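A short worksheet on the structure shown next.
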Amino acid sequence: MTPFNELNAPRQLFINGEYCDAASGKQFDNINPATGASLGGVAEGGAEDIGRAVAAARRAMDDGKWATMGSHQREGILHKLADLVEQNAKNLALLETYDTGKPYRDALAVDIPLSVQTLRYYAGWPTKLRGETNPVAGNFLTYTRREPIGVIGQIVPWNFPLFMAAMKLAPALAAGNTVVLKPAEQTPLTALYLGQLMNEAGIPPGVVNFVSGFGGDAGQALITHPDVDKIAFTGSTGTGQHIMRTAADSLKRVSLELGGKSPHIIFADADLKSAMRAIGAAIFYNQGEVCIAGSRLFVEESIYDQAVEAAKTAAEKMRVGDPFDEKTRVGALVSAEHFDRVCKYVELGVSEGAEIAAGGAPIDTDGKGFFYPPTVLTGVNNQMRVVREEIFGPVLSIIPFSSQEELIAQANDTQYGLAAGLWTRDVGKAHTVAHAIKAGTVYINAYGLLDASAPFGGFKMSGIGRENGEDGIKMYTEAKTVWTSLS
Ligand code: NAD
């Protein structure tokens, strides 16, 4: 493991192709959640820095160098960026681990490869993004163009910092926009590191800007800035609602990827070996800090005991601790605040009548790291707060069901609609239930898969819009219709 200070991680803002301090000179303390110790100060961007970054992005948009560059050339630059991220995989995975507390092996095997895949996928789009000709009445040639929206403000959370940034940057850049991205205050390092890779790839100054800072300060300045044309946000539903309300004033375009409380369903006729094996990873992966975590496990009554046993075994088998230990499967929660939140939710569950089948108490480190073990709650029902609200930690609730109708009603009885998973060998039932569930993604006999080519996003209060695939790039375009008289 490379010590943090040998990584020479950039900790300044990246504006107009250059690293710089915040205008105020302020820094905030960046904490390693696995030790509770400081990793040092990071530039604390505020309204003035957002102003500078937006001005740089506007200039880069208006000079047309990026948006009107030949599509093959833009593809080449974006491919180079993907290659550079791949070449820097080890450094980026180390930084991600220090910043988030997630296991290093996961950062290296999942976060970085998914980021590279996303960058490569969208690198191929500039030559494929096209409009259509429209069969209008009369003697006219009418066609549509897909034009960039302009300056995009992007705000990302802390659970997959680099991957979330890649999911935002790649389609926006492929479509010819310019960007100001604010990483989460808990995890600014990998985004700031990307700055130098942007320059190396040949992305013109001002096309991508990174401003680290707090949500209420830098974030708020970004979402209210009059020269920002669109906000693309991933984070909590509450902040998403605030962004949408704020954007209404200037009618900024908004796309939102928000929270979830996803149902993971096992029917008695499933391949039970595979289904039982999937329970643990669906909720405990990445410390449960996953928006599509299968946090509500619905199991058919006849296999309830078996599922509880499988969940308990998975929870107890997953080693919790030092993110740099190869054997660790569950690292630290991202911050002291989030750790307290998870602790309080489990206490709340118990006060509501839940029983603890595994885990259920924080690991005592005397403030030197924020570790919570995989936890399984039984004796719960779909009305309890612990089952209705997003915990975003390694806490699973198991609920039995007796009929398909009752199951569908319970699975949909939530404000969220991000994902769902179901296990059955009955093909008709699988698709009937998949169609009945109100969620943006449904997995059949699988859970938690993501691919840059497959649309991803939420129904209901889990969001607006779809990232990934063709939908993902269209979200960063305006359609323009051009009419020409032929007479
Ligand atoms: P959060 O909403 O508190 O913060 C997310 C980002 O928003 C951070 O960068 C933060 O600084 C910024 N922010 C906060 N207040 C702001 C404001 N007033 N103006 C502008 N920006 C502001 O969310 P969180 O608790 O840090 O992240 C976890 C949440 O993210 C969970 O609810 C999770 O489900 C969700 N999430 C969703 C997806 C998805 O794709 N649907 C993916 C990952 C995480």
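The values are calculated or read from the model by the stated rules, or taken from the named source; none is laboratory data. It should be emphasised that the depicted structure is a prediction, and the values quoted were computed from it without experimental measurement. So basically every Cβ, Gly included, is an ideal-geometry build from the backbone, and we count neighbours across all protein chains shown. Accessible surface areas use protein heavy atoms only, side chains included; no ligands, DNA or RNA. Shrake-Rupley method; radii C 1.70, N 1.55, O 1.52, S 1.80 Å.
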Check: Once amide H atoms are built 1.01 Å from N in the peptide plane, which residues 5 or more positions from GLY421, or in another chain, come under 5 Å H to H?
Finding: HIS264, ILE265, TYR443
Checklist line | Cα-centred dipole magnitude for region 294-352, charges only on beta-carbon of K, R (+1) and D, E (-1), debye, nearest 20 | finding: 180
Note to self: Once you order the gyration tensor axes a ≥ b ≥ c over the Cα atoms, which shape class does region 263-451 get: rounded for a/c under 1.5, otherwise prolate or oblate by comparing a/b with b/c?
What the structure shows: prolate
Next item on the list: Enter the Cα centre distance for the pair region 203-238 and region 403-439, rounded to the nearest angstrom.
Entry: 36
Next item on the list: In whole angstrom, note down how far apart the Cα centers of region 16-79 and region 303-377 are.
Entry: 36
Notebook entry, point to check: Once the other residues with Cβ under 12 Å from the Cβ of GLU389 are scored (Lys, Arg +1; Asp, Glu -1), what is the net sum?
Noted result: +4
Check: How would you order 156-165, 265-274, 446-455 from highest to lowest mean count of nearby Cβ atoms within 10 Å?
Finding: 156-165, 265-274, 446-455
Margin query: Using the Karplus curve 6.51 cos²θ - 1.76 cosθ + 1.60 with θ = phi - 60°, what ³J(HN,Hα) values do you get for each residue of region 246-253, in whole Hz, with x for Gly and Pro?
Written below: 5, 5, 4, 4, 10, 6, 4, 5
Checklist line | Förster radius 56 Å - calculated FRET efficiency between ASN8 and GLN241 (Cβ-Cβ, nearest 0.05) | finding: 0.90
Next item on the list: Just the number, please: percent antiparallel of the DSSP beta bridges in region 263-451, rounded to the nearest 5.
Entry: 15
Notebook entry, point to check: For region 263-451, which whole-number percentage of the solvent-accessible area (1.4 Å probe, protein heavy atoms only) is attributable to carbon and sulfur atoms?
Noted result: 51
Note to self: Run the helix sum for the chain: -39,500 (n - 2.57) per DSSP H stretch of 4+ residues, divided by residue count, reported at 222 nm to the nearest 500 deg cm²/dmol.
What the structure shows: -11000 deg cm²/dmol
Checklist line | Estimated FRET transfer efficiency (LYS317, ILE356; beta-carbon r; R0 22 Å; 0.05) | finding: 0.85
Check: At ALA37 and LYS368, where each label point lies 7 Å from the Cα along Cα→Cβ, what is the point-to-point distance in nanometres?
Finding: 0.9
Note to self: I need the phi-derived Karplus couplings for region 258-270: 6.51 cos²θ - 1.76 cosθ + 1.60, θ = phi - 60°, integer Hz, Gly and Pro marked x.
What the structure shows: 10, x, x, 8, 7, x, 10, 10, 10, 8, 5, 8, 6
Item checked: Additional length obtainable on full extension of the chain from ASP29 to LEU348, 0.36 nm per residue less Cα span -> 111.7 nm
Notebook entry, point to check: Each residue of region 227-232 in turn: what ³J(HN,Hα) in whole Hz from Karplus with 6.51, -1.76, 1.60 and θ = phi - 60°, glycine and Pro shown as x?
Noted result: 9, 9, 8, 8, 10, 10
Notebook entry, point to check: In a Debye calculation with equal point scatterers on the alpha-carbon sites of the chain and no solvent, what is log10 I(q)/I(0) at q = 0.14 Å⁻¹?
Noted result: -1.35
Notebook entry, point to check: Quick one: if you stick a label point 7 Å off each Cα along the C-beta vector at ILE444 and LEU486, how many nm between them?
Noted result: 4.4
Next item on the list: Mind listing the long-range amide H neighbours of LYS26? Cut-off is under 5 Å, sequence gap 5 or more, other chains count too, H placed in the peptide plane at 1.01 Å from N.
Entry: GLU44
Item checked: Antiparallel content of DSSP bridges confined to the chain, in %, to 5 -> 40
Check: Efficiency by 1/(1 + (r/R0)^6): what FRET value for GLN73 and ARG341, r their Cβ-Cβ distance, R0 = 30 Å, to the nearest 0.05?
Finding: 0.05
Item checked: Residue-normalised accessible area of the chain, given per residue in Å² at a 1.4 Å probe -> 39
